[in-house]
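One structure is given below, encoded as structure tokens.
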Amino acid sequence: MLKSYGYAAYDPKTPLRSFHFERRQPGPRDVRIEIQYCGVCHSDLHQARDEWHGSTFPMVPGHEIVGKVVEVGAEVRAFKVGDLAGVGCMVDSCGVCPDCQDHQEQFCNQSVYTYNSPDKHTGKMTYGGYSNQIVVDQDFVLHVSDKLNLAAVAPLMCAGITTYSPLRHWKVGKGDKIGIVGLGGLGHMGVKFAHAFGAEVVLFTTSPDKAADAKRLGAHQVVISKNAEDMAKHQQSFDFILNTVAAPHDLDQYLALLKRDGTMCLVGVPSEPHPSPNVGNLIFKRRALAGSLIGGIKETQEMLDFCAEHNIVSDIELIPMEGINDAYERMLKSDVKYRFVIDMATLKA
């Protein structure tokens with residue numbers, strides 16, 4: 001076993017702190033990555049504090065991982081020592097179900113998540129990227145371009161693909177009017193991608209002070225969602241709305257903005273349910289309320305290649321490992337533009 005170290009949540013109430021543990025030795029199909037940067041996702045906080053009621057402790061969070069390949073198994077052909085590589089939210093799946101066969105591993109009932117998930121190899125729980133290294137099957141390792149700021153690439157592994165996938169699935173492109181609800185870690189990536197796809201992008205926010213940033217990131221208009229008059233100007237005009245807000249909120253005010261046959265897709269997971277929408281808002285214009293997870297490995301690689309071609313990365317604030325507990329508190333206040341990333345060089349054994 002490989003002696004490893006990182007930061008862990010030992011229970012839902014106390015701050016994360018240093019943790020020593022073991023990872024498996026790389027097998028014939030495995031890639032061992034020295035982690036250089038790890039993004040901090042809001043789901044890390046949810047799970048570390050057991051807000052989704054499925055946490056196992058101690059837990060090493062982190063599923064926005066980038067680093068350098070330092071070892072490969074004998075059967076690995078796609079990676080070599082020295083390559084830059086990434087790992088996202090999944091590290092395994094069954095490989096044979098219809099979802100896996102369609103390159104939609106994120107929907108596989110046997111998906112193994114990067115942390116807090118039963119590990120098929122060891123029988124224990126998986127440990128994530130708040131650590132010095134990780135060992136992953138080659139089929140779940142992603143190629144990362146050396147053209148981009150590696151630290152700012154890390155959040156693409158979750159925030160990036162979570163917004164890219166639904167925009168691609170609903171074929172967002174030139175001539176479409178697209179709404180993005182919320183300008184946080186997910187929302188700022190949604191704005192960047194929708195703009196890059198050629199759509200007219202409108203950002204909805206409750207914070208007027210985010211307007212300038214939204215336009216810098218690619219929004220053509222900014223609407224303050226608390227302003228009923230401004231919202232009314234956009235009634236029945238959107239082809240698609242990507243709602244990134246995780247906190248429970250009124251969905252009807254956005255559903256009313258969709259055209260006939262328009263769709264609003266939810267990508268934020270609230271700790272408590274949203275208020276139920278008015279069914280009439282769906283029926284009378286044949287609108288759809290949908291959801292989306294991340295993307296499969298094939299689509300995630302497509303997204304990373306698109307980002308390299310179009311120079312798209314996350315807006316980040318780089319923090320030391322010992323700053324993670326403060327970062328969690330700041331995330332709760334939306335006090336980050338727009339994703340924390342841990343510099344793993346600051347992690348002490």
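Here, each number is a calculation from the coordinates, and none is a lab measurement. Small disclaimer: the values here were computed from a predicted structure and weren't measured. All Cβ positions, even for glycine, are placed from backbone atoms using ideal geometry, and neighbour counts span all protein chains on display.
For the residue pairs Lys192/Lys259; Lys120/Lys298; Lys210/Lys348, the alpha carbons lie more than 30 Å apart in Lys210/Lys348. Between the helical axis of 297-310 and the longest alpha-carbon principal axis of the chain there is an angle of about 70 degrees.
Given the options Glu229, Glu302, Glu71, state which has the largest fluctuation in a GNM of the chain using a 10 Å cut-off (strictly under) for Cα springs. Maximum among the listed residues: Glu229. The label point for Lys348 and the one for Ile283, both projected 7 Å from the Cα toward the Cβ, are 6.4 nm apart.
Comparing Cα centroids, the stretch 74-136 and the stretch 1-31 end up 15 angstrom apart. Take every DSSP beta bridge whose two residues both sit in the chain; close to 55 percent of them are antiparallel. Taking the Cα centre of each part, how many Å lie between the stretch 178-223 and the stretch 140-154? Distance between centres, Cα-based: 23 Å.
What Kirkwood hydrodynamic radius, in Å, does the stretch 180-272 give when the mean of 1/r is taken over all pairs of distinct Cα atoms and then inverted? Taking the inverse mean of 1/r over all distinct Cα pairs, the stretch 180-272 comes out at 13.2 Å.
Of all the options Glu299, Glu34, Glu75, the one that moves most in a Gaussian network model of the chain with Cα springs shorter than 10 angstrom is Glu75. Straight-distance candidates among the aspartates and glutamates for linking to Lys13, with alpha-carbon spacing under 15 Å and chain neighbours fewer than 8 residues away dropped: Asp44, Asp50, Glu51, Asp326, Glu329. Summed over qualifying helices (DSSP H, 4 residues or more, each -39500 (n - 2.57)) and divided by its residue number, the chain shows a 222 nm mean residue ellipticity of -6000 deg cm²/dmol. Its Kirkwood hydrodynamic radius, worked out from the mean inverse distance over all distinct Cα pairs, puts the stretch 88-192 at 15.8 Å. The alpha-carbon of Lys147 sits under 15 angstrom from the alpha-carbons of these aspartates and glutamates, leaving out residues fewer than 8 places away in its chain: Asp83, Asp305, Glu309. The angle separating the long axis of helix 185-196 from the principal Cα axis of greatest extent in the chain is about 70 degrees.
Residues Met264, Met1, arranged from fewest to most other Cβ atoms within 10 angstrom of their Cβ, appear as Met1, Met264. Taking a straight line from the alpha carbon of Lys80, these lysines sit under 17 Å away, with near neighbours fewer than eight places off in the same chain left out: Lys68.
The orientation-averaged shadow of the Cα convex hull for the stretch 190-333, equal to a quarter of the hull surface, comes to 10.5 nm². Judged by the mean number of other Cβ atoms found within 10 Å, the most tightly packed of the peptides 78-89, 188-199 leads the ranking 188-199, 78-89.
Can you pick out the pairs among Lys124/Lys337; Lys174/Lys285; Lys174/Lys233; Lys215/Lys333 whose Cα atoms lie more than 31 Å from each other? From Lys124/Lys337; Lys174/Lys285; Lys174/Lys233; Lys215/Lys333, over 31 Å: Lys124/Lys337.
The listed peptides 215-227, 172-184, ordered by packing as a protection proxy, come out as 172-184, 215-227 (highest mean of other Cβ atoms within 10 Å first).
Counting only other residues whose beta carbon sits under 11 Å from that of Ser271, what net charge do I get with K and R as +1, D and E as -1? Result for the neighbourhood of Ser271: -2.
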